[in-house]
Amino acid sequence: MKQALVLLAALALLVGCGGNASAADAPVPTVPAFAPADPAADAPVPEPTPDPNRPMVALTFDDGPTSYTPQVLDLLERYGAKGTFFVIGRNLDEETKPVLQRMADLGCDIGMHDLTHTDLTRLSYAGNVKRIQRMRALIFDQIDGGYETHLLRPPFGSLNKTVRRALRSADAASIRWSVDTLDWRSKDPGAILKIVKAQTRDGAILLFHDRLPSTVAALRKAIPWLQEQGYELVTVTELIESSGQSIRYGEDYRCKPGR
Ligand SMILES: [Zn+2]
């Protein structure tokens, strides 16, 4: 196991998302995979963790929740798949509570996509910390019993050192992507599916937007196709933790660490 981790760390320095990430960004595993949980009497039965040896990808959905989000959730539920939803603060109100509750109940991850979809690199360090805390509180209040997120998708994928420093001090990680389906641009289910089929690799993070009917149409084919290829559709948290490390705050992830 130790040797495997050393090898993984060595590989992480050499490659990232198929060679896109720089060596400086490559994280090093610090926590052994699947350490046994504390056997607390009141602890809920844990969700079955994905087999780390199986190919897996994380589907991510930005800019919601919208009137299309329930259709995405229907598809995930139907195929026994999970996704990660990066929601915008201004979209959240009393009416979206059942939608976010359903995300949580299905085992999906819920992450932050800013209050108003602002380019965070235009804000100060303090401004970023404040917004992260406000976003997190908004999501927390949507879920029965609360939900504390540590994931943030920077709007436009726009990230700099100031934002990363704010993320680190506010206990959050940046989640970007390795497959951009460009669904917002093409609005064409065929074109979206073509990108998914051509670019998906083990450990990929795929970017979609749950605000377009064409994306829902593409997912209707993409989800079963991915499963037929043997990919398990997991949350971003599961994808990262399956590499043997816990999520590192201030880190920027584009795919499963070591890929
Ligand atoms: Zn967005």
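The values are calculated or read from the model by the stated rules, or taken from the named source; none is laboratory data. The structure presented is a predicted model; accordingly, all values stated were derived computationally and were not measured. Counting neighbours? That spans all protein chains shown, and the Cβs are built from the backbone with ideal geometry, glycine included.
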Kindly provide the set of residues from the range 234-259 that are buried (at least 22 other Cβ atoms within 10 Å of the Cβ) and of a type in the set (A, V, I, L, M, F, W, C), ordered by number.
234, 236, 239, 240, 255
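Is it the case that some residue within the range 95-104 is more than 14 Å from the chain's Cα centre (by Cα), hydroxyl-bearing (Ser, Thr, Tyr), within 16 Å of the ligand (Cβ to nearest atom) and over 18 Å from residue 231 (Cα atoms)?
Taking the range 95-104 as the starting set, the residues that turn out to be more than 14 Å from the chain's Cα centre (by Cα) are 95-102.
Keeping just the survivors that are hydroxyl-bearing (Ser, Thr, Tyr) gives 96.
Subsequent filtering for residues that are within 16 Å of the ligand (Cβ to nearest atom) retains none.
Within the range 95-104, not a single residue is more than 14 Å from the chain's Cα centre (by Cα), hydroxyl-bearing (Ser, Thr, Tyr), within 16 Å of the ligand (Cβ to nearest atom) and over 18 Å from residue 231 (Cα atoms).
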What number goes with the only condition from (1) touching a residue at least 40 places away in the same chain (Cβ under 8 Å); (2) of a type in the set (Lys, Arg); (3) surrounded by fewer than 23 Cβ atoms within 10 Å (Cβ to Cβ) that residue 82 does not pass?
(3)
I'm told residue 165 meets every condition in (1) surrounded by fewer than 20 Cβ atoms within 10 Å (Cβ to Cβ); (2) within 16 Å of the ligand (Cβ to nearest atom) except one. Can you identify the failing condition by its number?
(2)
So is residue 80 over 21 Å from residue 248 (Cα atoms), at pLDDT 50 or above and under 18 Å from the mean Cα position of the chain (by Cα) or not?
yes
List every residue pair whose Cβ atoms lie under 6 Å apart, where the two residues are 6 or more positions apart in sequence or sit on different chains, the first residue falls within the range 38-63 and is closer than 15 Å to residue 76 by Cβ and at pLDDT 85 or above, and the second residue, located anywhere, is of a type in the set (Phe, Trp, Tyr) and within 16 Å of the ligand (Cβ to nearest atom).
61/85; 61/208
Which residues, counting only those in the range 207-221, are crowded, with 21+ Cβ neighbours inside 10 Å, touching a residue at least 40 places away in the same chain (Cβ under 8 Å) and assigned to a helix (DSSP H, G or I)?
215, 219
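For the range 180-206, which positions are surrounded by 23 or more Cβ atoms within 10 Å (Cβ to Cβ) and either within 16 Å of the chain's Cα centre (by Cα) or free of Cβ contacts under 8 Å to residues at least 12 places away in the same chain (or both)?
Step one: of the range 180-206, the residues surrounded by 23 or more Cβ atoms within 10 Å (Cβ to Cβ) are 181, 183, 192, 196, 203-206.
181, 203, 204, 205, 206, listed by residue number.
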Residue hits (the range 141-160; buried (at least 17 other Cβ atoms within 10 Å of the Cβ) and within 10 Å of the ligand (Cβ to nearest atom)) are 153, 154, 155
